[in-house]
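The values are calculated or read from the model by the stated rules, or taken from the named source; none is laboratory data. Everything quoted here is computed from the prediction, not taken from an experiment. Note that each Cβ is placed from the backbone with ideal geometry, even for glycine, and that neighbours are counted across all protein chains shown. The accessibility values were calculated without ligands, DNA or RNA, using every heavy atom of the protein model including side chains. Shrake-Rupley method; radii C 1.70, N 1.55, O 1.52, S 1.80 Å.
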Amino acid sequence: MTGEYVDPWDGRLHLESAHALYLHVPFCVSKCAYCDFTSYATAEGDARMGAYASALSRLVEEAEAAGLLEGFRTAYVGGGTPSLLGPEVLSHVISTVCAGRGLSELTFEANPESLTDGLLDACVEAGATRVSIGVQSLDDDELSRLGRVHDSARAISALDAALRSGLDVSCDLMCGIPAQTGASWADTLSRVMSMGVRHVSVYPLMVEKGTRLARSVEEGEEVVPDEDEAADRMVEAERVLGEAGLRRYEVASYADAGHACIHNEAYWTGVPYLGLGTSAASMLTAEGYLRARLVCPDLPEPDPSWVRVRLSCTSDVPAVARARGLADLAFDVEGLTSREAAAEDLMLGARMMVGIVPALAYHARATIGGGPVDSTFSHLVSEGLARMTPEGGLEPTERGWLLGNEMYGELWDLAEGTIAHSAR
Amino acid sequence: MISCSYAIIILMPTNDCTHIRNFSVIAHIDHGKSTICDRILESTHTVEERDMEEQLLDSMDIERERGITIKSNAVRVMYEADDGETYQFNLIDTPGHVDFSYEVSRSLAACEGAVLVVDATQGVEAQTVSNALLAMNANLEIVPAINKIDLPSAEPERVRAEIEEALALPAEDAVCVSGKTGAGIHDLLEAVTVLVPPPAGDADAPLKALIIDSWFDSYRGVIAIVRVFDGRIAAGDTVRLMALGDTFDVEEVGCKRPKQIATADLGVGEVGYVVTGLKDPALIKVGDTITLADRPCASPCEGYREAKPMVFTGLFPIDTEQYENLRDALDKLILNDPAITYTPETSVALGFGFRVGFLGLLHMEVVKERLEREFDLDLIATSPSVDFHVFLSNGEMVEITSPQDMPDVTRIDHIEEPFLKVKVIVPDTYVGAVMDLTVDHHGSFEDMVYLGPKTVEMHWHMPLSELIMDYFDQLKSRTKGYASLDYDLDEYQTSDLVKLDILLAGEAVDALSFIIHRDKAYARGRSLCDKLKEIIPQQLFEVPIQAAVGGRIIARSTVRARRKDVLAKCYGGDISRKRKLLEKQKEGKKRMKAIGSVEVPQEAFMAILKVDD
């Protein structure tokens, strides 16, 4: 076997369990103007939320017992608005997940209006290590146009409380939003930095069809800055955050050394994860999927060509709340061949600042073929979207960051065949 | 649907013409011709009330949607007249738009009379005059009918005077009708009975039947509408097409009421359909004469003028794999619409397509829409052109219908283009507006006559190439819809013409070139550059758009490079969602044409069809 190179990427394609856990909490006080997610408007104390959260805890325990979470390292409670569950309910979910497992990271999402000292204390106590706060802006006019519930003062006090709690704090911000100017954006960024936040996500606004914002734009009541302006804001964010020591490590994510979100990195690097709750997404290896079928016998039989399976939970909130076990949930199932999985990993790898690492590039050449992979790489380089690294990887340029879809699309085209799709 | 008593009545002795009346209904567009036809069908119980629908004779969706008649139709109506006799009326509905005047002339050749419908609120308009003249030239008895008399703004007396003055027709007995309420329809049918002469013809002579229309039925092959001038035609006859020489056995004959009802034969003077069983549409030519194979008539029918296309455009499938489908579609469409011509054309930008000739702009729109609808094609039409005569320095003349074929300027001595005699009828308050517009379109004024105290008829001489540049739309809008237009082809004359090229990222796009009068090139180049800038989406690189004449750049605009296109949101690891978005973006690109490295949406090719400078 001398001289034979081992494909170091291949290992993650055969992990038999999920290494990350995602729990989805689809409740909000009200729907924001730009949001097109499935969400249920409710208020703190709503009994439906308690029933839903208990179901999540039950499902986590069953998944664990079934070996689906063997050795999982990170968890993320996202939404929606998890903080709306309140201290008691949310901390109960978190403690079920953490329960003496020594996770390296447990993040929960929170919106400023429901992020209280009491909630923070309860979650820290339960084992949370990180909180991600939906601040979006520190300009009151911008916030109200987005249909956010909080104002800038509430956002600042929430950030302040979170930082005092000892949790790792991440702050979500939006750019390219109505009424935002270069100056107001710089102001939001520098105020967040001056508070000592070490992780920021910057999302340029997308006007999604069917949202309230889309209607206002159509009716001429609201004006959304054009893509050129949004690009300026993204560049400005990189500059201001960079000056404060935060480095962009993914399209939308900035962190100080050691503060990157490990859980989110799993999404971009082919690490399997299990998502539970209404419209939660999972990615399992073919082996992991076979384990899942032991507890969910109704899941469709996998095609022998599948190496990766993506699932999306289609059960609504009442269905999840009544679920006695995983077998009661419904999923959309999508299988990927080795070629498709490799193309997907390339597409996702290109989102990362480190780009397509040499191990992945090697795996892709072995799976898809050196010819097509190298010709796509050279084309991306010739378009100025990426550059080759000395080690044989490919990393995005600043242009490849701002025009990412162009690059991701070309990489995904390497999959060629269509995705098998079935539903249960 | 049709009660059997009619089936008995239509079996009239085939050698008796005295009870047959063949007539057309002619009118300016929108004067209510189709509604009057509807009322005639209704009042003669040809169609039961419950089966009645508007514009019954216009069977194409596009006709109903636009409220226009494109195809002729011949329907048989049995009318019990006040004299106690039953008459066979063959009513031929004809198109009203100027583009389709060839359809009108074809139908008129099959008639002895014409009902001339004039709107009581609008009066005589341009096509009232030209259609009436066509009918008079065909020696038809004209029965004037003043329509829409139920409207408060109706002025039957003024219109009566206009008919007498403009058409020199006795109009004191013009029938006043309302297609809407049905008032006067009985009087109109009586007038037809009395005024329109029965057909003349020899029942014992060899068969002589004129094909006035045809269409392709996928189950029964080619079906022709014919008018029998002499003899008779019946199922089982072996007949010959006189112009093309082919023979076929008649499978069935009958009449349309308006559904097809088979009859034993079609006798002298009658109008009806013939199922030929032929599968090749090209064998049946409208205007051809059908006779018996073993006992042919001496000479074919006269009175048919073949249509000549005046406007040309390139038609290209958006999906290049649909080229063969487009060819098949054109092959089939030409049976229904013999006025179109087509030859293969290749474009660097658009691939394989056809150069198609039409009678006019409406005709072009209609054909394109029919091809797309009836044959499920997605087409791009390039800028319309006329048939230019380009004289080379060596004295040779070449006919150019596509800007692509234009020889190099250095080889051209001069260019001639078709001119028109244009007639515009308009209330006199709009004379100034028409003057401005027409002079701007290189029209030269000839003269003007008053048709009534406030209505004038202006005569112009102008290039067809200018008329097809949205002259009609602008004329309508500048006269608040009052102007009506008609034209006839005149001779070719020299014009100062140039080829205007559009360059995208430095490369000339053949499909965006067109031929234009030199003095208009700059303004048009400028407005196109601006318009294309709005239409062409941002690309990864900057795209300069240039307009050039003979290699010299006369206008320019730039589509800035796209700076941002990235889906940043995480969606809780929902990667399928991200992938779907990328796939959707890719689909969007597929609908565009890649010209060189530039993705160009279809609208860019449409932009050059509309001028608003």
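Results, tabulated for the structure shown:
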{"quantity": "In degrees, nearest ten, helix B:323-336 long axis to first principal axis of chain B (Cα)", "calculated": "30 degrees"}
{"quantity": "Nearest-0.05 FRET efficiency for B:R373 and B:V194, computed from C-beta distance (R0 45 Å)", "calculated": "0.55"}
{"quantity": "Estimated vicinal HN-Hα couplings, Hz - the range B:518-530 in sequence order (Karplus 6.51, -1.76, 1.60; Gly, Pro = x)", "calculated": "3, 5, 9, 4, 5, 4, 5, x, 4, 5, 5, 4, 5"}
{"quantity": "Cα extents of the range A:339-415 along the three principal axes, largest first (Å)", "calculated": "28, 24, 20"}
{"quantity": "Chain B, helix-only ellipticity at 222 nm - DSSP H runs n ≥ 4, -39,500 (n - 2.57), divided by all residues, nearest 500", "calculated": "-7500 deg cm²/dmol"}
{"quantity": "0 to 90° range, to nearest 10: angle between helix B:431-440 axis and chain B longest Cα axis", "calculated": "50 degrees"}
{"quantity": "Where a label projected 7 Å from the Cα of B:R556 along Cα→Cβ would reach, residues of the range B:515-529 with amide N under 20 Å", "calculated": "B:521-529"}
{"quantity": "Fraction of beta bridges assigned by DSSP in the range A:10-265 that are antiparallel (%, nearest 5)", "calculated": "20 percent"}
{"quantity": "Distant-in-sequence amide H partners of A:R308 (H built 1.01 Å from N, under 5 Å)", "calculated": "A:A286, A:L336"}
{"quantity": "Within-12-Å neighbourhood charge of A:Y52 [Cβ basis; K, R +1; D, E -1]", "calculated": "+1"}
{"quantity": "Virtual spin-label span in nm between A:S54 and B:E507, 7 Å along Cα→Cβ", "calculated": "6.7 nm"}
{"quantity": "Angle in degrees between helix B:33-43 and the longest Cα principal axis of chain B, rounded to the nearest 10", "calculated": "40 degrees"}
{"quantity": "For B:M310, solvent-accessible area (1.4 Å; no DNA, RNA or ligand), Å²", "calculated": "30 Å²"}
{"quantity": "Formal net charge of residues neighbouring B:D16 (Cβ-Cβ distance under 15 Å; K, R +1; D, E -1)", "calculated": "-4"}
{"quantity": "Inter-label distance, nm, simple model (7 Å from Cα along the C-beta direction), B:E365/B:N394", "calculated": "4.3 nm"}
{"quantity": "Mean Cα-pair separation over length for chain B, i.e. relative contact order, pairs under 8 Å, 6 or more apart, %", "calculated": "10 percent"}
{"quantity": "Per-residue ³J(HN,Hα) for the range A:335-351, Karplus 6.51 cos²θ - 1.76 cosθ + 1.60, θ = phi - 60°, Hz, x for Gly and Pro", "calculated": "x, 10, 6, 4, 5, 5, 4, 5, 5, 5, 5, 5, 4, 6, x, 5, 6"}
{"quantity": "Residues listed by number, the range A:114-153, amide nitrogen under 19 Å from A:E219 label point at 7 Å toward C-beta", "calculated": "A:144-148"}
{"quantity": "Gain in span if fully extended, B:A298 to B:Y492, counting 0.36 nm per residue against the direct Cα distance", "calculated": "66.1 nm"}
{"quantity": "Heavy-atom accessible area ranking, 1.4 Å probe, most first, across B:E141, B:E270", "calculated": "B:E141, B:E270"}
{"quantity": "Rounded FRET efficiency, nearest 0.05, which uses the C-beta distance separating B:D173 from A:S382 and R0 of 60 Å", "calculated": "0.15"}
{"quantity": "Projected area averaged over orientations for the protein assembly as shown, convex hull of C-alpha atoms, nm²", "calculated": "54.3 nm²"}
{"quantity": "Listed residues A:V192, A:V295, A:V200, most fluctuating in chain A (Gaussian network, C-alpha, under 10 Å)", "calculated": "A:V295"}
{"quantity": "The range A:96-124-the range A:378-404 distance, computed between alpha-carbon centres (Å)", "calculated": "38 Å"}
{"quantity": "Label-point separation in nm, B:H459 to B:R526, each point 7 Å along Cα→Cβ", "calculated": "3.7 nm"}
{"quantity": "The range B:84-204 - Debye-derived log10 I(q)/I(0), Cα point model, q = 0.11, 0.23 Å⁻¹", "calculated": "-0.37, -1.49"}
{"quantity": "Chain A - percent relative contact order, Cα under 8 Å, separation 6 or more", "calculated": "17 percent"}
{"quantity": "Chain A - Cys residues lacking any other Cys C-beta under 4.7 Å", "calculated": "A:C28, A:C98, A:C123, A:C171, A:C175, A:C261, A:C296, A:C313"}
{"quantity": "Rounded if a/c under 1.5, otherwise prolate or oblate - chain A, Cα gyration tensor axes", "calculated": "oblate"}
{"quantity": "Amide proton proximity set for B:S24, modelled H, under 5 Å, gap of 5+", "calculated": "B:I92, B:G113, B:A114, B:V115"}
{"quantity": "Other-chain or far-sequence residues with amide H under 5 Å of A:C171's (modelled H)", "calculated": "A:I133, A:H199, A:V200, A:S201"}
{"quantity": "Cut-off 11 Å between beta-carbons: net charge of the residues surrounding A:Y362, Lys and Arg +1, Asp and Glu -1", "calculated": "-2"}
{"quantity": "Convex hull projection area averaged over all views, chain B, Cα basis, nm²", "calculated": "33.0 nm²"}
{"quantity": "Under Karplus coefficients 6.51, -1.76 and 1.60, residue-wise ³J(HN,Hα) of the range B:391-400 in Hz, glycine/proline x", "calculated": "9, 7, 4, 7, x, 6, 10, 10, 8, 10"}
{"quantity": "B:K368 accessible area, assembled protein chains, probe 1.4 Å, Å²", "calculated": "40 Å²"}
{"quantity": "Accessible-area order (highest first, 1.4 angstrom probe) of the listed residues B:K520, B:K569", "calculated": "B:K569, B:K520"}
